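This report concerns only the one structure given below.
The values are calculated or read from the model by the stated rules, or taken from the named source; none is laboratory data. Worth saying up front: this structure is predicted, and the values here are computed from it rather than measured. Cβ: placed from backbone, ideal geometry, glycine included. Neighbour counts: every protein chain shown. Heavy atoms of the whole protein, side chains included, go into the accessibility calculation; ligands, DNA and RNA do not. Shrake-Rupley method; radii C 1.70, N 1.55, O 1.52, S 1.80 Å.
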Amino acid sequence: MSDLLVRSNGGPDAGGSVLKVTPESAGWEYVGFEVLRLASGASAGRRAEGEEVCLVVLSGRCTISAGERRWELGGRKSVFAGLPHALYLPPGTDYRIEAAGKLELAVCSAPAERGVEPLEVRPEDIRVESRGRGSMEREIRPILMEDRPAERLLVVEVITPQGHWSSYPPHKHDRDDPPRERYLEETYYHRVSPERGFALQRVYTADGELDETFAVHDGDVALVPRGYHTVSAPPGYDLYYLNVMAGPVREWGIKNDPDHEWLLG
């Protein structure tokens, strides 16, 4: 199995975690990612120690409390059946997640010193975009991109219809070369509908030192530490992914693969 592929552990551990990526496990510096699955009435406590977090409800409902503040989040049945509901919390925050029914929730994190004030991003706040055309068309759902405040985190959902390509043309963001490109580590959390399907992800560098293409299944995470990257959804299977990005500077600056950039025109 590719070192860039992280699979869920099959069922939640005692804390509700089914999958976890840390900067240490990924071999990088900035991006952390975790998926929690909680049964109705179950709860999980966390502390954002030296990191900011963006909590994205993948399915179900929950209450999140931090000190005297409480937020009611969620409601969609699946990532394919509604827009995201999310909550940003700054470093140093103790918070508790309480499931109101079966819950699946993503914890997106990045190191931060001060962060910003807590911010709820409701489904009605999401400005859905259509990007690309023809078999490159996909639906973009920005959650915590540059139009919303944070110290380092960038978070976005993407729906790629069956038979379409996404993150296409292939692009990269592995060096600081402003304003053309910014260094950003990235995770892709994949969900596939129907669940028995798969998608393909390629990560490669121009010199060929890194060139991996691998199948991703429902619930897998792909790591993009460097290089150009792209995703394909085969016929019959719609693809969702949740991107988490972070780096030393919070700017989404990308460079398209020059061999394929002509497709944009």
Seminar exercise, completed: Residues of segment 98-133 being part of a loop (DSSP other than H, G, I, E, B), over 21 Å from ILE159 (Cβ atoms) and open to solvent by less than 70 Å² (accessible area, probe 1.4 Å), in sequence order, are ALA100, GLY101, ALA112, GLY115, VAL116, PRO118
Exercise. Is there a residue in segment 53-61 that is closer than 23 Å to GLU113 by Cβ, out of contact with any strand residue (DSSP E or B) (no Cβ under 7 Å at 6 or more places or on another chain) and in contact (Cβ under 8 Å) with a residue 12 or more places away in the chain?
Worked result: no
Seminar exercise, completed: When segment 134-172 is checked residue by residue, the ones that are outside any strand (DSSP E or B) and more than 15 Å from LEU239 (Cα to Cα) are GLY134, MET145, GLU146, ASP147, ARG148, PRO149, ALA150, GLU151, ARG152, LEU153
Exercise. Taking interchain pairs and intrachain pairs at least six residues apart, which have beta carbon atoms under 6 angstrom, with the first residue in segment 152-168 and farther than 18 Å from GLU185 by Cα and the second at pLDDT 95 or above and assigned to a loop (DSSP other than H, G, I, E, B)?
Worked result: THR160/ALA233; GLN162/ALA233; GLN162/PRO235; GLN162/GLY236; GLN162/TYR237; GLY163/PRO235; HIS164/ALA233
For this session: Just one of (1) in contact with a Ser or Thr (Cβ under 7 Å, 6 or more places away or on another chain); (2) closer than 30 Å to LEU119 by Cβ; (3) open to solvent by 10 Å² or more (accessible area, probe 1.4 Å) trips up THR160, so point out which.
Result: (3)
Seminar exercise, completed: If you go through ARG191, ARG175, the only one that is touching a residue at least 60 places away in the same chain (Cβ under 8 Å), basic (Lys, Arg) and open to solvent by 10 Å² or more (accessible area, probe 1.4 Å) is ARG191
